[in-house]
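Notes follow once the structure below has been shown.
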Amino acid sequence: MSDDAVTPTTFTGTVEPPAGVDADLVCIPVFGASDALADLPGLDEATGGAWTRARRTGEFRDGTYDAFVTPLDGGWRARRVVLIGAGPAVEADAERLRRVASVAAYAARGCAAATVAFVVRGVADLAGFAQQAADGFSLPDFDTGTYKGRGPGEARPAPSAVRVVAVSGEAAAVAGAVRRGRIIGEAVNVTRALANEPANVLTPREFAARVDAHARAQGLTVEVLDEARLEALGMRLLLGVAQGSAEPPRLIVIRHDPPGAPAAPVLAFIGKGVTFDTGGISIKPAENMDRMKGDMAGGAAVAGAMGAIAALGAPCRVIGLIPCAENMPGGRATRPGDVIRGASGKTVEVINTDAEGRLLLADALWYARQQGATHLVDIATLTGACVVALGRHVSGLFGQPAEWVDAVRQSAAAAGDRVWPMPIYEETREQLRSEIADLVNSAGRPGGAVTAAAFLREFAGEGPWAHLDIAGTSWSEAKAPYQPKGPTGVAVRLLTALAMSGGRPPRA
């Protein structure tokens, strides 16, 4: 899933005085107007006073993600410096620090810097910042314009070397943190690359083939279940979504089973893999339907996270499941009013064929439990209702019991993936009642994100289960200083952090 013709950037982490680092560009975060950079003596003199003037004149306004580039001459070995507004230090969470590093990385490409240093400073947890710096510096490696022709000089090459420099701390801790950040950043880019592919390229079979190759390269065990195997298992909800398409469905099962891992917990991450969603017979409006190529972002997040989990050596057993299908309005397509029996034995009256993701996930949740999973997390671009409720910068989090939901929430906070807990009230069972089957697949527009989660709960069993609705967060609708318009790779960091903590809340 990467371009082997491109020489990868080398990442290192060190503890040393930033003034002595030999680099084309040194990147320095600035934590608000009160940050005088007192821990970086001689910096203003090395800029010939340009830094002080920029602050005084407003050329640098201390705004978050503002960047100011100027030459260095004397006292510092680097040729140029870029200073990036990081906002007040008290607001410097993992997401903010990662974004600051990403702004620096884009600035480095704009300067065509071959060697870059990023200075980790201004916060208490310098090793944690080093991880976020390596993660953020990796993100510009992803290119949304994969299919564009490039003229001479258009491409901005990545630096050949990035050194993350901490002003203090343990060198081994910083180096380890940089390694972790680089692995996670690359995993996020794997996810973004998958979600960016057009649907005529990334069919369910191609999705399965790419994930299979990537996961095996990371030392994971992979099994791809074809339509015959799905039929034998009774996964007719998944098959029902796919039956209107000429493309057959797949269920990708990835296993991380480290030697000596405890018998429990066994985590299962289940990602929706609808490679294109027309809505089926309940067809969507034409406007923005092209975005439905990204309806497999949850599945892509599972694929990316499983690679990171293997590379980082998560201590617990993890199963990744990605049910893949196209939802098309063909002559064999599921109709509104059809009743389908899933692998769990429960019957579903399909009220709306555009509520298809929950059908795939229902069968996959059942299968995860059959495979011995004790703790479940499903990830899906599931409902427009969640976008209406929470917008495009936070994912909805549902689940049971409260302790497991809180463990997922804490992992999200530590990793820099925003989530917001949402309720599932008992009244939703009545809303999901069918007159002809066990359940309806859609309870209508009111509380749509809640009723969709409640539907999934019916297939998750009585044990720990969490549902992440990433419909609003999987795609950036506008260019920002730290990322282009396009897929975000949301949830990779959360899932990785949860697995690395062994399914427990991360340590403070």
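The values are calculated or read from the model by the stated rules, or taken from the named source; none is laboratory data. Since we're looking at a predicted model, the values are computed, not measured. When we count neighbours, we look across all protein chains shown, and the Cβ atoms used for this are built from the backbone with ideal geometry, even at glycine. These accessible areas exclude ligands, DNA and RNA; they are computed on the full protein's heavy atoms, side chains included. Shrake-Rupley method; radii C 1.70, N 1.55, O 1.52, S 1.80 Å.
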Taking into account only those residues within region 1-19 that are among the small types (G, A, S) and at pLDDT below 95, which is farthest from S168 (Cα to Cα)?
A5
Would you confirm whether any residue within region 94-109 is under 22 Å from V21 (Cα atoms), of a type in the set (A, V, I, L, M, F, W, C) and open to solvent by 70 Å² or more (accessible area, probe 1.4 Å)?
no
Just checking, does region 485-503 include any residue being modelled with pLDDT under 95 and either surrounded by 15 or more Cβ atoms within 10 Å (Cβ to Cβ) or of a type outside the set (F, W, Y) (or both)?
yes
List pairs: first in region 31-46 and in contact (Cβ under 8 Å) with a residue 60 or more places away in the chain, second open to solvent by 10 Å² or more (accessible area, probe 1.4 Å) and in a helix (DSSP H, G or I), Cβ under 8 Å, 6+ apart or cross-chain?
F31/A89; D35/A89; L40/P18; L40/A19
Criterion violated by I183 - all others in (1) under 19 Å from the mean Cα position of the chain (by Cα); (2) more than 18 Å from P487 (Cα to Cα); (3) outside any helix (DSSP H, G or I) satisfied
(3)
For residues in region 120-137 being of a type in the set (A, V, I, L, M), touching a helix residue (DSSP H, G or I) at 6+ places or on another chain (Cβ under 6 Å) and surrounded by fewer than 24 Cβ atoms within 10 Å (Cβ to Cβ), which is farthest from L83 (Cα to Cα)?
A127
Taking region 21-47, which residues are open to solvent by less than 10 Å² (accessible area, probe 1.4 Å) and among the β-branched types (V, I, T)?
V21, V26, I28, V30
Residue pairs within 7 Å by beta carbon, gap of at least six or interchain, first lying in region 413-442 and open to solvent by 90 Å² or more (accessible area, probe 1.4 Å), second assigned to a loop (DSSP other than H, G, I, E, B), listed first then second, are R418/H393; R418/V394; W420/V394
List every residue pair whose Cβ atoms sit under 6 Å apart, with the two residues 6 or more apart in sequence or on different chains, where the first one lies in region 354-379 and is over 15 Å from R255 (Cβ atoms) and of a type in the set (V, I, T) and the second, anywhere, is open to solvent by less than 10 Å² (accessible area, probe 1.4 Å) and part of a loop (DSSP other than H, G, I, E, B).
I379/A491
Cβ-Cβ under 7 Å pairs, at least 6 apart or on other chains, region 116-142 side assigned to a loop (DSSP other than H, G, I, E, B), far side at pLDDT 95 or above and of a type in the set (S, T, N, Q)
F142/N189
Would you please list the contacts, defined by Cβ atoms under 7 Å and residues six or more apart or on different chains, that run from a residue in region 387-409 that is charged (D, E, K, R) to a residue that is loosely packed, with under 13 Cβ neighbours inside 10 Å?
R392/E477
Would it be correct to say that V408 is touching a strand residue (DSSP E or B) at 6+ places or on another chain (Cβ under 8 Å), open to solvent by less than 40 Å² (accessible area, probe 1.4 Å) and among the hydrophobic types (A, V, I, L, M, F, W, C)?
yes
Selected residue [at pLDDT 95 or above and either basic (K, R) or open to solvent by 10 Å² or more (accessible area, probe 1.4 Å) (or both)] from G240, G244, G273, G279:
G244
When residues of region 140-194 are filtered for being among the basic types (K, R) and crowded, with 24+ Cβ neighbours inside 10 Å, how many remain?
2
Restrict the check to region 409-428 and report whether at least one residue is in contact with a Leu (Cβ under 6 Å, 6 or more places away or on another chain) and of a type in the set (S, T, Y).
yes
How about region 229-332: which strands (runs of 3 or more DSSP E) wholly inside it have at least 1 residues that are under 17 Å from the mean Cα position of the chain (by Cα)?
266-271, 273-277, 317-327
Restricted to region 356-379 and to residues being part of a loop (DSSP other than H, G, I, E, B) and open to solvent by 10 Å² or more (accessible area, probe 1.4 Å), the residue nearest to A333 (Cα to Cα) is Q371
Lone qualifier among R77, R61 - being assigned to a loop (DSSP other than H, G, I, E, B) and at pLDDT below 95
R61
